[in-house]
Amino acid sequence: MVQTPAPFEYERATSVEGAIAALKQRGSDARIIAGGHSLLPMMKLRLANPEYLIDINDLDELSYIREEAGEIRIGALTRHVELLESELLARHYPVFGDAERVIADPVVRNRGTIGGSLCQADAAEDLSAVCSALKARVVIRGPDGERVVAMDDFHVGPYTTAVGDGEILTEVRLPLRSGAGSAHEKVERRAGDWAIAAASAAVWIDGGTIADAGLALSAVGPTTIHVTRAEELLRGSAPSEELFVEAGEFASADCSPVPDGRGPVDYKRHLAGVLAKRALRRATARALHQEA
Amino acid sequence: MELNVTINGERVTRDVAPRQLLVHYIRDTPGLTGTHWGCDTSNCGACVVLMDGKPVKSCTILAAMAEGHEIRTVESLERDGQLDPVQMGFHELHALHCGFCTPGMLMTARALLDENPDPSEEEIRVAISGGICRCTGYKNIVDAIRWAAEHEATTRQEV
């Protein structure tokens, strides 16, 4: 059986403005294609049926990882392999390295992009949890200019984001704050698979106290699960194993997994709690420069 | 749409639908059926070719997206009757049984050695983790790539 997408028209964008103009003209029939490793499989299965594809792979201005205005700014077209190999990210947010090593495989990582991963908004996708835990904001550009949206407002439902018709995600912004530590823990059935469950954690430690924390889960709900109750618990407390166990219990309780080929609900809830605890433990060790 | 894609250094021009996948564009070119079309879901890695030197899965790239880029397929490895060291390694160490995964494995191996001429066993296993082989259990493939690395190191010294 030949798996080929349904017919569509294709254009290669030569500028972000050009891509936005084409999106505006074509309305909801048009889609942006970057790495294509989420969209093309969806199109082969007829789960996505765009009539017009705008290829942004030539837009080098969307491919960068740089420090600017107290943030790390990542262009939407930055590929997984570049996130994995970035020294800037490794230094400030090693959670990216943890996640990227277990996202698909090295060949897929040569094509897939951070913008594509976030816009696909698959609840099992790892970078959405990473960005949620880091309290990232994303820049969405449209015909009338830019707006900056927090991760909680970006993912509005399964496979649905705040990016509207005629708009394009251009950048991911990570706040740089002192005392940061971060980690991602994932359990999958085999190398390169989607997570059974995964947890991303970040802590910002100031004078022996957790000044702020971020915790998010993949694959255990209809969207990325942001465990705000655990963050409130952690904030203002001294890091301890008991605290991480308690935060993990919130993670288990606050997710909403469904049973499938990857496991039953009880198992996934248990996993979410254990992985949250481990991610917090490792994030804290990194913040305190005590990682084994 | 008329498309110009450079494959193994030669310009291939053909009129295709935008929905044509790169793997089919390559395989529909006379003499270039070495690239295999496998799972079609970017899982198996049989369709791996090099795009500007980096391994990519050609079942999940539109042919139109390859215009303006350099594509290398398994046919480019042998030159003037001389096998590439990765091909020699697969031959010497019996790194294939049915051969279906081989073109993807060879191109992935070639890209690895171009970037890292002295990979550890672990680095080799990570590099080929995007390819599925149902015959060998990977052991001989890993050994063959290691053989190719050592062979290339020796050859370089001789030159």
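Any read-out appearing in this document is the output of simple, stated calculations on the displayed coordinates, not a laboratory observation. None of the values given here were measured: they were computed from a predicted structure. No Cβ is skipped: glycine too gets one built from the backbone with ideal geometry, and neighbour counts run over all protein chains shown.
Work through the residues other than B:Asp84 whose Cβ is under 9 Å from its Cβ and net out their charges, Lys, Arg +1 and Asp, Glu -1. Spell out each step's value before the answer.
Values: positive: B:Arg79, B:Arg110; negative: B:Glu78.
Counting the neighbours of B:Asp84, the net charge comes to +1.
What percent antiparallel are the DSSP beta bridges of the stretch A:1-112, to the nearest 5?
On the way: 4 of 12 bridges.
Taking every DSSP beta bridge with both residues in the stretch A:1-112, the antiparallel ones total about 35 percent.
Of the listed peptides A:94-106, A:210-222, what is their order by residue-averaged count of other C-beta atoms within 10 Å, with the highest listed first?
Working: A:94-106: 22.7, A:210-222: 25.3.
Taking the mean over residues of other Cβ atoms within 10 Å, the ranking is A:210-222, A:94-106.
Going by average Cβ neighbours within 10 Å, how do the peptides A:149-160, A:48-59 rank, with the highest at the top?
Values: A:149-160: 15.2, A:48-59: 19.3.
Peptide ranking by packing, descending: A:48-59, A:149-160.
Could you put A:Asp126, B:Asp80, B:Asp143 in order, starting from the residue whose Cβ has the fewest other Cβ atoms within 10 Å? Can you show the working numbers first?
Numbers: A:Asp126 28, B:Asp80 4, B:Asp143 19.
If I rank by nearby Cβ atoms, fewest first, I get B:Asp80, B:Asp143, A:Asp126.
Give the relative contact order (percent, whole number) for chain A; include only Cα pairs under 8 Å separated by 6+ residues. Write down the numbers at each step before the final one.
Numbers: 684 pairs, mean separation 46.1, N = 292.
The value is 16 percent.
Let me check I've understood the local charge: for A:Glu171, count other residues with C-beta under 12 angstrom from its C-beta, Lys and Arg +1, Asp and Glu -1. What total comes out? Kindly include the intermediate steps, with their values, before the conclusion.
Values: positive: A:Arg66, A:Arg73, A:Arg137, A:Arg141, A:Arg147, A:Arg173; negative: A:Glu61, A:Glu68, A:Glu71, A:Glu146.
The answer is +2.
If the viscosity is 1.567 mPa s and the temperature 4 °C, what translational diffusion coefficient in µm²/s does Stokes-Einstein give for the stretch A:21-164 when Rh comes from Kirkwood over Cα pairs?
Numbers: Rh = 15.8 Å.
Roughly 82 µm²/s, to the nearest whole number.
Counting helices only, and only those DSSP H runs with n ≥ 4, report the 222 nm mean residue ellipticity of chain A as the sum of -39,500 (n - 2.57) divided by its residues, in deg cm²/dmol to the nearest 500. It would help to have the intermediate numbers written out before the result.
Values: 12 runs with 102 residues, N = 292.
The per-residue figure over chain A is -9500 deg cm²/dmol.
Once you keep just the Cα pairs under 8 angstrom separated by 6 or more residues, what percentage relative contact order results for chain B? Mind dumping the intermediate values first?
On the way: 281 pairs, mean separation 36.9, N = 159.
Relative contact order here is 23 percent.
For the stretch B:2-76, count the residues as N, evaluate 2.2 N^0.38 Å, and divide the Cα radius of gyration by that value, please. Write down the numbers at each step before the final one.
Working: Rg = 10.8 Å, N = 75, 2.2 N^0.38 = 11.3 Å.
Against the empirical 2.2 N^0.38 Å value, I get 0.96 for the stretch B:2-76.
Give me a single rounded figure for B:125-133: the average over its residues of other chain Cβ atoms within 10 Å of their Cβ. Walk me through the numbers on the way to the answer.
On the way: counts 1, 4, 3, 3, 7, 9, 2, 1, 0.
For this peptide, the per-residue mean of nearby foreign Cβ atoms is 3.
What net charge is computed for the residues neighbouring A:Val130, neighbours being all others with C-beta under 10 Å from the C-beta of A:Val130, Lys and Arg scored +1, Asp and Glu -1?
Working: positive: none; negative: A:Asp98, A:Glu100, A:Glu125, A:Asp126.
It works out to a net charge of -4.
Explain nothing, just the number: relative contact order of the stretch A:180-287, from Cα pairs under 8 Å at least 6 residues apart, as a whole percent. Let's see the in-between values first.
Numbers: 243 pairs, mean separation 35.9, N = 108.
That works out to 33 percent.
Would you tell me the mean number of C-beta atoms belonging to other protein chains that fall within 10 Å of each C-beta in B:54-62, as a whole number? Working shown, then result.
Numbers: counts 6, 6, 6, 8, 0, 4, 12, 6, 9.
Average neighbour count from other chains, rounded to a whole number: 6.
Please compute the Cα-Cα pair-distance distribution of the protein assembly as shown with 20 Å bins starting at 0, giving whole percents from short to long.
It works out to 24, 53, 22, 1, in whole percents.
If the limit is 26 Å between Cα atoms, which of A:Lys277/B:Lys54; A:Lys277/B:Lys139; B:Lys54/B:Lys139; A:Lys135/A:Lys186 go over it? Don't skip to the answer; put the middle values down first.
Numbers: A:Lys277/B:Lys54 37 Å; A:Lys277/B:Lys139 36 Å; B:Lys54/B:Lys139 24 Å; A:Lys135/A:Lys186 19 Å.
Too far apart for the 26 Å limit: A:Lys277/B:Lys54; A:Lys277/B:Lys139.
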